[in-house]
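Undergrad: Below are the structure tokens for one structure; questions will follow.
The values are calculated or read from the model by the stated rules, or taken from the named source; none is laboratory data. These numbers come from a predicted model, not from an experiment. Heads up, the Cβs are rebuilt from the backbone with ideal geometry, glycines too, and the neighbour counts pull from every protein chain shown. Please note that ligands, DNA and RNA were not included when accessible areas were found on the heavy atoms of the full protein model with its side chains. Shrake-Rupley method; radii C 1.70, N 1.55, O 1.52, S 1.80 Å.
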Amino acid sequence: MKKELWNDGWKFWKDRNAFELLTVVPKEALTVELPYDALIREEQKEDSVNQGRVGFLDGGVYNYYKELELPEESEGRILLEFGGVFTRTVVYVNGSAAAENKYPYQHFYVDLTDYLIPGEKNKILVVANAMDLTSRYYTGAGIFRDVYLCQEGLVSIEPDSVRVTVTALDEGGAAVRIDASVKNEKVQAVDTEIRAEISQDGQSLMDVSLPILLHGGKTTHVTAKGYLKGVKTWSADAPELCSVKFSVSAQKGELDVETFETGIRTIVVDSVHGLRINGKEEKLRGACIHHDTGLLGAETYYDYEYRRVRRLKEAGFNAVRSAHNPASG
């Protein structure tokens, strides 16, 4: 899946009757860059219905609007990936409700394909209803994490399906299994080759290719296995990472690819040894962190999150708990 950050050039406004204004952008709408926490920009009120639970701030219905121009000739699927939107969210495409999401801290995909008109400027409206702020901590409101525009071909790797599992670990290296789901939306079957690669510090540790026949209109589960000789394992004191590349190719070339970094390690918990990482007993020294970013509100930025975790580690912590919801990816 091809992904590009889609944070720039959104129009933002607040309106309690937003559902009646699906594609009408008011003149007073602001041009904003995501992430954009709408709640922290509200005026604090001593008589706020939320009182101090949410910083004496009242929420509302917040609207984010952007246009997407689609080429006349395009195939495959177009999706939006949202890292998090607070709270009850409806995504409209050209005036039609394309998706709804009620859980603000979980990332979600919206398939735009069937609502888009090729060759035209398509109207994307995200309505976040944050009227009811019953939380006992600061929540933020609106689109407070990144948004990505995603493009899938007719043959593609299912989003978030690639998984690396360590099946055995010894002094010489690690045996691993890579699982993924590959989707073929064509009517006819397609002969493909899947390739699973793992490298560390620029050195190839695994390079496995397998021929796979993808049946038309179906999703196929794919597994590749290998042994990573001499791999540096991950631990809290030495967080070594490996680069993973999983790709699907046919005669015309590469159809789709997923790349990411991961640590190679085993985790075992039992009543005798407690927690063991790579066979070594570990005592957790943990802290709780909320999803908010201090004076920035709920807006999530990589630099802020990295700094926060780095300072916790420097203070002697080796574990964090995301309280009380999933942290940003």
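Undergrad: Does at least one position in segment 45-63 carry a residue that is under 16 Å from Tyr137 (Cβ atoms), open to solvent by 50 Å² or more (accessible area, probe 1.4 Å) and of a type in the set (S, T, N, Q)?
TA: yes
Undergrad: If you take just the strands (runs of 3 or more DSSP E) that sit entirely in segment 137-178, which of them hold at least 3 residues that are of a type in the set (A, V, I, L, M) and either at pLDDT 95 or above or open to solvent by 30 Å² or more (accessible area, probe 1.4 Å) (or both)?
TA: Here the list reads 163-170.
Undergrad: So, in segment 201-240, exactly how many residues are closer than 30 Å to Gly279 by Cβ and not in a strand (DSSP E or B)?
TA: Within segment 201-240, residues that are closer than 30 Å to Gly279 by Cβ and not in a strand (DSSP E or B) number 11.
Undergrad: Within segment 270-321, restricting attention to residues that are open to solvent by 50 Å² or more (accessible area, probe 1.4 Å) and of a type in the set (Ser, Thr, Tyr), which residue is farthest from Ile40 (Cα to Cα)?
TA: Per the stated criteria, the residue is Ser271.
Undergrad: Hey, another quick one. Give me a count of the residues in segment 76-118 that are under 24 Å from Ser156 (Cβ atoms), of a type in the set (D, E, K, R) and in contact (Cβ under 8 Å) with a residue 40 or more places away in the chain.
TA: The qualifying residues number 2.
Undergrad: May I ask you to say which residue of Ile198, Ile117 is β-branched (Val, Ile, Thr) and either in a strand (DSSP E or B) or over 30 Å from Trp10 (Cα atoms) (or both)?
TA: The conditions single out Ile198.
Undergrad: One residue is enough: does segment 46-66 have a residue meeting the conditions under 30 Å from Glu258 (Cβ atoms), in a loop (DSSP other than H, G, I, E, B) and in contact with a strand residue (DSSP E or B) (Cβ under 8 Å, 6 or more places away or on another chain)?
TA: No, the conditions are met nowhere in segment 46-66.
Undergrad: I need the full set of residues from segment 236-256 which are surrounded by 14 or more Cβ atoms within 10 Å (Cβ to Cβ) and modelled with pLDDT of 95 or more, in order please. Even if it seems obvious, please write down each step before you answer.
TA: At the first step, the residues of segment 236-256 found to be surrounded by 14 or more Cβ atoms within 10 Å (Cβ to Cβ) are 236, 240-249, 255-256.
Result: Glu240, Leu241, Cys242, Ser243, Val244, Lys245, Phe246, Ser247, Val248, Ser249, Leu255, Asp256.
Undergrad: In segment 268-322, how many are more than 30 Å from Leu57 (Cα to Cα) and either part of a strand (DSSP E or B) or of a type in the set (Phe, Trp, Tyr) (or both)?
TA: Looking only at that region, the number is 12.
Undergrad: Could you list, ordered by first residue, the pairs with Cβ atoms under 7 Å in which the first is in segment 264-280 and at positive phi and the second is in a strand (DSSP E or B) and at pLDDT 95 or above, at least 6 apart or interchain?
TA: Partner pairs satisfying both residue conditions: Gly274/Glu281; Asn278/Leu169.
Undergrad: Between a residue in segment 136-164 that is at positive phi and any residue that is small (Gly, Ala, Ser), which pairs come within a Cβ distance under 6 Å, given they are 6 or more apart or on different chains?
TA: Pairs found: Gly140/Gly297; Gly140/Ala298; Gly142/Ala38; Gly142/Ala128.
Undergrad: Over 15 Å from Val126 (Cβ atoms), assigned to a strand (DSSP E or B), open to solvent by 50 Å² or more (accessible area, probe 1.4 Å) and among the acidic types (Asp, Glu): does that describe Glu4?
TA: yes
Undergrad: For a quick check of your reading of the model, give me the residue pairs whose first member lies in segment 34-63 and is in contact (Cβ under 8 Å) with a residue 60 or more places away in the chain and over 24 Å from Leu5 (Cα atoms), whose second is surrounded by fewer than 15 Cβ atoms within 10 Å (Cβ to Cβ) and of a type in the set (D, E, K, R), with beta-carbon atoms closer than 7 Å and at least 6 apart or on different chains.
TA: Cβ pairs passing all conditions: Arg53/Arg136; Asp58/Lys45; Gly60/Arg16; Val61/Arg16.
Undergrad: Separate question: If you go through segment 5-13 one residue at a time, do you hit one that is touching a Pro at 6+ places or on another chain (Cβ under 7 Å) and over 30 Å from Gly153 (Cα atoms)?
TA: At the first step, the residues of segment 5-13 found to be touching a Pro at 6+ places or on another chain (Cβ under 7 Å) are 13.
From what is left, the residues that are over 30 Å from Gly153 (Cα atoms) are 13.
So far as segment 5-13 goes, yes, one or more of its residues are touching a Pro at 6+ places or on another chain (Cβ under 7 Å) and over 30 Å from Gly153 (Cα atoms).
Undergrad: Spot the failing condition for Asn325; the list is (1) part of a loop (DSSP other than H, G, I, E, B); (2) open to solvent by less than 30 Å² (accessible area, probe 1.4 Å); (3) more than 30 Å from Glu152 (Cα to Cα), and only one is missed.
TA: (3)
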